[in-house]
Amino acid sequence: MNQIYALFRVEYQKLKKSYWWPVWIIVGLTVISLAAVIIAWLNPYSSDIFFHGGGGSDSLRIGMYGIMFSLSMVFFVFLVLTSQSSLNQEKQLGCDLFFRCQPVNLWHITMVKYLMHVYAHSLLLLALGIIFAVILSIVMLFASEGFYPGEALYGAFLGWLLYLKTAMVLGSLFFLFSAIFRNNAFLKGLAFLGILEGVFALIEAIFRHTIYLPGVFSNILSMIGHLGVEDMDSVNMAIVMGDYRILIGLFFAALCYTAATFIYKYRVKDSN
Amino acid sequence: MFGKPAEAWKHKLYERVAFIPDVSGLDPRLTVRQTIDFSAAVNPAWNAEKAERLFAKSDLPCDRKVSTLSKGMKTKLYLLLTLSKDVDILLLDEPTLGLDIVFRKEFYDLLLGEFFDESKTVIISTHQVAEVENILQDVIFLDEGKVLLSKPVQELKDQWHIVEVPKDRQNELADLSPKAMSHSLGKVRGLIKGHEKLPGAKIFVPSVSDIFVAIVNQ
């Protein structure tokens, strides 16, 4: 247990900057937005539009979902950066032998890396979501729209779930890329998938579209499911969780992790 | 290894074997303290008391990032981390590569002072044979992955000797079929296997690297 804790701790120490950068970016953007809101509030005409343009619990839930959607985009950039370097960065930094020559199970090492590189950002997003939900509820209270912290938190939770699904599918894929490619894993992985998609399209064209091959990108994205953007006004758990495809996504994530670990294990032997 | 094939031990092997690679590859993103804490937490063979003593004696700055340390300091940190573990075998792969002479001396002094006792084994893989020659008990010569020789150093040195004669007696020396010859300041030296001698010649004990070169060239 002590070993697992040490692995988590050391991964956090290595990735500290990439965890906190999105938080500082969001804090910075929020401060700028708040300044704009305060300026608008001081203006008697625009304050009518800003603070009395509709309200209620639904709008709070939808608003929080939209805010989480925006915050997720910032976090997603850092998810790409960290997950694509999960299993190859130590090789690049020339320190993989140090970690490899410790009496630690390889599956434990990759599991901790997988969790810290793919999912750890989501905890910060959740924390930010809760803070935003509380602040927004209080702002709404002062704007005489009622006090609905539960709805705000629910909206934040739905937005967080959507990010978690995206991280699960795409983050796991990038984690696999990091085991295959020694550098620029994200770009090389995308290029590989693009070539695969092109080859499939070519085969279909050669056979005059009498055979059907699955779309690579569309199938990967379908595992994330519904983004809930088109029907944001009625967004709820059922829409965000989607259908059976989330189970396929879970299976895909497990497959990516397992394949990445086996490749990493082979690469360890290969470089000995 | 320890009664089982090395593969069968998997990661547990590193509870009994420690390794220092040719490049002091510590993670540059961590501080010295974080690196020590990590090693202490994942190694069941970590000797906290010994580690505390070793690091207290050293001049390593615990709050600095590894990336800011000099190559010598990084190697020292790696060595101290390794010496803080109670393992049976220490494997060193070109441990002093790129280090200046002061650090090299300190490295081997620390190694012999802190790690070595009758129950432990140090395996050093190196091209810098001269600097470790005095601490070796056994040698294995490898050439292109093949074992050319495996012997105790003393036995090896008893088998070989260097014969030195003036230049005008070069032919006499050549009759002994030396494995290698060298010329210097009016003298000729030949590396001879066996106990053949020339009257009036000076005899020297060869270095391990002299013998290695002779064997590889055979």
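Being within 10 Å of chain A (Cβ to nearest Cβ) and modelled with pLDDT of 90 or more is a property that holds for B:Asn43. All of B:Lys85, B:Lys57, B:Lys50 fail the test of being without any contact (Cβ under 8 Å) to a residue 12 or more places away in the chain and either farther than 15 Å from B:Phe19 by Cβ or not β-branched (Val, Ile, Thr) (or both), apart from B:Lys57. Flag: A:Phe75 matches the condition of being assigned to a helix (DSSP H, G or I), of a type outside the set (Gly, Ala, Ser) and either within 18 Å of the chain's Cα centre (by Cα) or away from every other protein chain (no Cβ under 14 Å) (or both).
Apart from one condition, A:Phe147 fits all of (1) over 18 Å from the mean Cα position of the chain (by Cα); (2) in a helix (DSSP H, G or I); the exception is (2).
For the stretch B:152-173, taking the residues that are charged (D, E, K, R) and without any contact (Cβ under 8 Å) to a residue 12 or more places away in the chain, the one that is farthest from B:Ile211 (Cα to Cα) is identified as B:Asp168. Checking each residue in the stretch B:48-76 for being in contact with a Ser or Thr (Cβ under 7 Å, 6 or more places away or on another chain) and not in a loop (DSSP other than H, G, I, E, B) picks out B:Lys50, B:Ala51, B:Leu54, B:Lys65, B:Val66, B:Lys71, B:Lys74, B:Thr75, B:Lys76.
Annotation note: of B:Leu149, B:Leu112, B:Leu97, B:Leu142, the sole residue that is part of a helix (DSSP H, G or I) and either of a type outside the set (Phe, Trp, Tyr) or in contact (Cβ under 8 Å) with a residue 12 or more places away in the chain (or both) is B:Leu112. Being away from chain B (no Cβ under 14 Å), surrounded by 15 or more Cβ atoms within 10 Å (Cβ to Cβ) and of a type in the set (A, V, I, L, M) is a property that A:Leu93 lacks.
The requirement of being among the polar types (S, T, N, Q) and within 12 Å of another protein chain (Cβ to nearest Cβ) is fulfilled somewhere in the stretch B:75-85, by at least one residue.
Taken together, the residues in the stretch A:117-155 that are farther than 19 Å from A:Tyr19 by Cβ and surrounded by 18 or more Cβ atoms within 10 Å (Cβ to Cβ) amount to 11. Which one of these does A:Tyr266 not meet: (1) assigned to a helix (DSSP H, G or I); (2) closer than 30 Å to A:Gly94 by Cα; (3) touching a residue at least 60 places away in the same chain (Cβ under 8 Å)? Result: A:Tyr266 passes all but (3). So, B:Ile192, is that one buried (at least 16 other Cβ atoms within 10 Å of the Cβ) and within 29 Å of the chain's Cα centre (by Cα) or not? Criteria met by B:Ile192.
One residue alone among A:Leu176, A:Leu124, A:Leu170, A:Leu162 is touching a Cys at 6+ places or on another chain (Cβ under 7 Å) and part of a helix (DSSP H, G or I), and that residue is A:Leu176. Looking only at residues in the stretch B:8-40 that are of a type in the set (A, V, I, L, M, F, W, C) and assigned to a helix (DSSP H, G or I), which one is nearest to the other protein chains (Cβ to nearest Cβ)? The qualifying residue nearest to the other protein chains (Cβ to nearest Cβ) is B:Phe38.
With respect to B:Leu156, determine if the residue is within 18 Å of the chain's Cα centre (by Cα) and either over 30 Å from B:Asp86 (Cα atoms) or β-branched (Val, Ile, Thr) (or both). Criteria met by B:Leu156. B:Pro152 meets each of the listed conditions (1) loosely packed, with under 12 Cβ neighbours inside 10 Å; (2) within 21 Å of B:Ser125 (Cβ to Cβ) apart from (1).
For the stretch B:42-76, the set of residues classified as over 26 Å from the mean Cα position of the chain (by Cα) and buried (at least 18 other Cβ atoms within 10 Å of the Cβ) consists of B:Val42 only. Please work out if B:Leu79 is out of contact with any Gly (no Cβ under 8 Å at 6 or more places or on another chain), of a type in the set (A, V, I, L, M) and assigned to a loop (DSSP other than H, G, I, E, B). Answer is no for this residue.
The values are calculated or read from the model by the stated rules, or taken from the named source; none is laboratory data. Predicted model only: the values in this text are computed from it and were never measured. As a convention, Cβ positions derive from the backbone with ideal geometry for all residues, glycine included, and neighbour counts pool all protein chains shown.
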